[in-house]
Structure formats: structure tokens, C-alpha cells
Amino acid sequence: MARLDEGRRCGVAKQDRAIRTRNQILESMASLFNEVGYDAATIAALVERTGLTRGALYFHFASKEDIARAVLDEAVTREGLREQAFKVQEWVDLGLLLAYRVPREPILHAAIRLSVDPKARRLFGTRWPDWVAVGEGFLTEAKQRGELLPHADPAVVSRTVVGSWTGVQLVSEAMSEDLDLAEEISVLYQLVLPNVVTPTVLARIDSSPYRAERLLKEQSRTSAVE
């Protein structure tokens with residue numbers, strides 16, 4: 001029995017190491033994509049940055065293309081999202097959380113970089129359709145609950161905001177001023193919401209640029225208790 005338990009512990013430890021190594025590869029290559037673009041990011045540079053052998057890299061990913069696909073697979077995330085009284089609030093939270101996390105998380109940032117890179121987009125597509133679908137789901141339920149104005153079409157609103165969100169991110173990053181993405185996206189929602197949300201619900205929606213940080217802290221505290 002003792003040998004069996006020891007074997008299980010060794011297996012868990014190896015699995016944990018494998019997960020950490022995979023995440024290290026993803027984050028390091030994501031940083032390279034962000035710094036030099038898809039074409040210029042090479043496996044040789046990744047080996048140098050991580051200190052891993054090529055064998056260790058290829059154990060997890062067969063090629064740079066596979067790593068890029070894995071980065072894009074991480075793009076659609078609901079981390080920090082919690083159930084709220086209004087579905088519109090959950091939809092807004094989704095965008096605010098992403099705005100807070102993108103500048104801090106290389107993988108999320110790289111997913112956007114790959115999506116706007118012409119060659120990478122031809123090879124792998126983008127995750128924008130997935131984001132549009134997620135947003136449309138929240139907004140469809142919001143409309144069924146009477147949270148949206150009669151003219152607000154969930155598909156159109158979601159598609160427009162995903163496009164606007166991406167544009168705000170790209171422009172704010174390119175500007176010489178030190179712009180905070182969470183603040184810029186907060187302004188975007190303040191402009192959009194009055195045109196699609198009923199006045200009663202609008203008065204109770206929080207689109208503050210500090211909301212995402214609070215949500216993530218609440219999630220962290222809840223996880224620590226559990």
C-alpha cells in the first residue's frame with residue numbers, strides 16, 4: 001500500500017511538472033509573439049528564453065504553429081466572472097475583466113496580436129467569432145428578461161462591441177500616452193450602455209474601471225476559503 005501511495009504521489013508530481021512546463025512554454029512564446037510578431041518568433045528564441053531543451057518543447061508542442069493554436073485556445077476566458085442580478089452586468093464584466101487581464105497576461109495579449117497579424121490570421125483564424133457568440137448569449141438572455149431596449153439586437157450589439165473593444169485596445173496600446181486599458185474600456189461601455197439598456201437597469205450597472213480588479217480579488221478570496 002505504501003508503495004502504491006508513493007507511486008501515486010510521484011505520478012501527481014510529474015503531472016504538475018508537465019503542466020508547469022507547458023504553461024511556461026505558452027507564456028514564453030506568447031511574450032515573443034507580443035514582442036516581435038508571429039513570423040519572427042522562433043523555436044530557437046524560445047529555447048534560449050526558457051532554458052528548456054528542444055526535446056522538452058516538442059514533448060508538449062510539435063511546432064510553433066501548435067503553440068500559436070494553443071495560445072488562441074486560451075483567448076476566450078470567463079475567469080473572475082460571477083453570476084449577477086442582471087445579465088447585462090455579466091456581459092459588461094466580461095469585457096472589463098478582459099481589459100484588466102490583457103495587459104497583465106502575455107497569453108491573452110498574444111491572442112489579440114495573433115488575431116490582427118495577417119499571416120497568423122490566415123493560418124489559424126481568430127477567436128472573435130467566439131467572443132461575439134458569448135456576448136450574444138448574455139445579451140439574448142438580458143433581452144428576454146427585459147433589460148435591453150426594444151431596438152437592441154443582441155447579435156448586432158455583441159458584434160459591434162467586440163469590434164470596438166479590439167479597436168480600443170489596439171489604439172490605446174499604440175498611443176504615446178500611458179493609457180490604462182481598463183479605463184478606456186470603461187468609457188466604451190459608458191458610451192454604449194445608454195443606447196441599449198433600459199434606464200431602470202442602466203442605473204444599477206457598474207462599468208467602473210476598478211470593477212474587474214475587485215471581482216478577481218473576490219474570486220481569489222473565495223478560492224482560498226475553499
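The values are calculated or read from the model by the stated rules, or taken from the named source; none is laboratory data. This is a predicted model, so every value here is computed, not measured. Here Cβ is always computed from backbone atoms with ideal geometry, including for glycine, and neighbour counts include all displayed protein chains. Ligands, DNA and RNA are stripped out before the accessible areas are found, and what is left, the full protein with its side chains, is counted by its heavy atoms. Shrake-Rupley method; radii C 1.70, N 1.55, O 1.52, S 1.80 Å.
Cβ separations smaller than 8 Å between residues 6+ apart or across chains give the following pairs from segment 177-194 residues that are under 19 Å from VAL102 (Cβ atoms) to residues that are exposed (fewer than 14 other Cβ atoms within 10 Å of the Cβ): ALA182/TYR210.
Taking the conditions exactly as written (under 8 Å from the mean Cα position of the chain (by Cα) and in contact (Cβ under 8 Å) with a residue 40 or more places away in the chain), does VAL92 satisfy them or not? Spelling it out, it is not the case that VAL92 is under 8 Å from the mean Cα position of the chain (by Cα) and in contact (Cβ under 8 Å) with a residue 40 or more places away in the chain.
If we keep just the residues of segment 191-205 that are exposed (fewer than 15 other Cβ atoms within 10 Å of the Cβ) and in a loop (DSSP other than H, G, I, E, B), which is farthest from the chain's Cα centre (by Cα)? So the residue we want is ALA203.
PRO150 meets each of the listed conditions (1) closer than 19 Å to ARG211 by Cβ; (2) modelled with pLDDT of 95 or more; (3) open to solvent by 30 Å² or more (accessible area, probe 1.4 Å) apart from (1).
Quick one: count up the residues across segment 155-165 that are under 16 Å from PRO194 (Cα atoms) and buried (at least 21 other Cβ atoms within 10 Å of the Cβ). Going through segment 155-165 one residue at a time, the tally reaches 3. Set side by side, the residues LEU188, LEU179, LEU123 differ, and just one is open to solvent by less than 80 Å² (accessible area, probe 1.4 Å) and part of a helix (DSSP H, G or I), which is LEU188. Remark: pairs (first residue in segment 132-153, hydroxyl-bearing (Ser, Thr, Tyr); second residue open to solvent by less than 70 Å² (accessible area, probe 1.4 Å) and in a helix (DSSP H, G or I); Cβ separation under 6 Å; 6+ apart in sequence or on different chains) = THR140/PRO154.
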